[in-house]
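Right, one structure below, let's go through it.
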Amino acid sequence: MERIANRTVLITGSTAGIGKAIAEAFAQLGYQIVFNGLEPNGAEIAADLAAKYKIKYLFSASNMMDPSALRNMVREAIEHFGRIDILVNNAGIQFVSSIEEFPEDKWDAIIAVNLSAAFHLTKAVWPQMKANQFGRIINISSAHSLVASENKSAYVASKHGLNGLTKTIALEGVPYNITCNAICPGYVHTAIVEGQIANQMNVNQMTAEEVVEKVMLSKQALKEFIPMELIAKTVLFLAAEEARTITGVTWPIDAGWSAQ
């Protein structure tokens with residue numbers, strides 16, 4: 001793909017894991033990036049990536065559970081860059097527990113971060129995307145938005161909700177050249193999955209190797225973790241002009257999990 005001039009992408013959770021891989025893919029093409037993350041060294045990570053690819057950037061440590069902070073992040077980005085062309089709702093959290101023992105505060109947090117934050121950010125970027133007659137909104141969902149697993153009630157509910165939100169936004173965006181799609185990965189070896197492995201070890205009394213083999217990859221036809229770079233390349237495609245007629249799609253990258 002050719003380098004892009006003067007287009008801005010806001011990526012939540014973009015200083016680690018999948019979000020960082022997505023940010024680096026956009027940086028390689030010259031996009032201006034609004035980085036976001038809660039890592040203690042998040043600002044340094046963003047600065048290093050921006051320097052490596054010689055791009056303009058902003059960093060925000062806005063918490064996905066604070067709607068006012070999300071609106072301020074969008075406002076500051078638009079004031080700085082003039083516009084936000086692409087929104088990637090990537091930030092997510094997870095917790096594993098049976099429904100009987102699932103902590104209510106964990107439910108509230110997962111719904112807030114995985115689902116409500118995407119709504120608040122989409123609402124915040126919408127007026128200027130509408131005015132500019134251009135927008136690309138890409139939600140990083142999950143294979144768990146298509147199928148369920150035990151002990152993940154909040155995560156599964158949040159991701160199913162995110163897919164529904166994606167479809168509604170896609171329909172509302174048609175008159176304004178705003179597309180919205182969701183990418184639904186299977187298991188990606190990130191910090192959040194490391195946390196899931198630890199939780200599943202406790203819940204199922206298994207070793208880490210047993211969790212990966214018997215709980216995680218057992219559900220995928222292809223017994224491999226999904227490469228972060230593949231997700232990033234799919235995001236780039238959905239953001240490109242060639243994908244202008246693709247909207248409202250929930251796109252599995254799940255190694256055949258949901259095909260079974």
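The values are calculated or read from the model by the stated rules, or taken from the named source; none is laboratory data. Computed from a predicted model, the values in this text were never measured in an experiment. Positions of Cβ are generated from backbone atoms using ideal geometry, with glycine treated the same way; all protein chains shown enter the neighbour counts.
For the list (1) buried (at least 18 other Cβ atoms within 10 Å of the Cβ); (2) not in a loop (DSSP other than H, G, I, E, B), I need the number of the one condition that residue 127 fails.
(1)
So that you can scan it fast, the table gives a plain yes or no per residue for (1) in a helix (DSSP H, G or I); (2) closer than 24 Å to residue 232 by Cβ; (3) in the same structural domain as residue 221 (by TED's automatic domain parsing):
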{"residue": "150", "(1), (2), (3)": "no, no, no"}
{"residue": "156", "(1), (2), (3)": "yes, no, no"}
{"residue": "162", "(1), (2), (3)": "yes, yes, no"}
{"residue": "168", "(1), (2), (3)": "yes, no, no"}
{"residue": "175", "(1), (2), (3)": "yes, no, no"}
{"residue": "180", "(1), (2), (3)": "no, yes, no"}
{"residue": "194", "(1), (2), (3)": "yes, yes, yes"}
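Report yes if some residue within the stretch 80-98 is more than 20 Å from the chain's Cα centre (by Cα) and not in a loop (DSSP other than H, G, I, E, B); otherwise report no.
Within the stretch 80-98, one or more residues are more than 20 Å from the chain's Cα centre (by Cα) and not in a loop (DSSP other than H, G, I, E, B).
Residues are listed down the side, and each one gets a yes or a no for (1) surrounded by 15 or more Cβ atoms within 10 Å (Cβ to Cβ); (2) among the small types (Gly, Ala, Ser); (3) touching a residue at least 40 places away in the same chain (Cβ under 8 Å); (4) farther than 19 Å from residue 11 by Cβ:
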| position | (1), (2), (3), (4) |
| --- | --- |
| 168 | no, no, no, yes |
| 199 | yes, no, yes, yes |
| 211 | yes, no, no, yes |
| 214 | no, no, no, yes |
| 217 | yes, no, no, yes |
| 238 | yes, no, yes, no |
| 257 | yes, no, yes, yes |
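For residue 6, indicate whether it is surrounded by fewer than 15 Cβ atoms within 10 Å (Cβ to Cβ) and either on the phi < 0 side of the Ramachandran plot or not in a strand (DSSP E or B) (or both). Please lay out each step first, then the result.
On the way: surrounded by fewer than 15 Cβ atoms within 10 Å (Cβ to Cβ): yes; either on the phi < 0 side of the Ramachandran plot or not in a strand (DSSP E or B) (or both): yes.
Yes.
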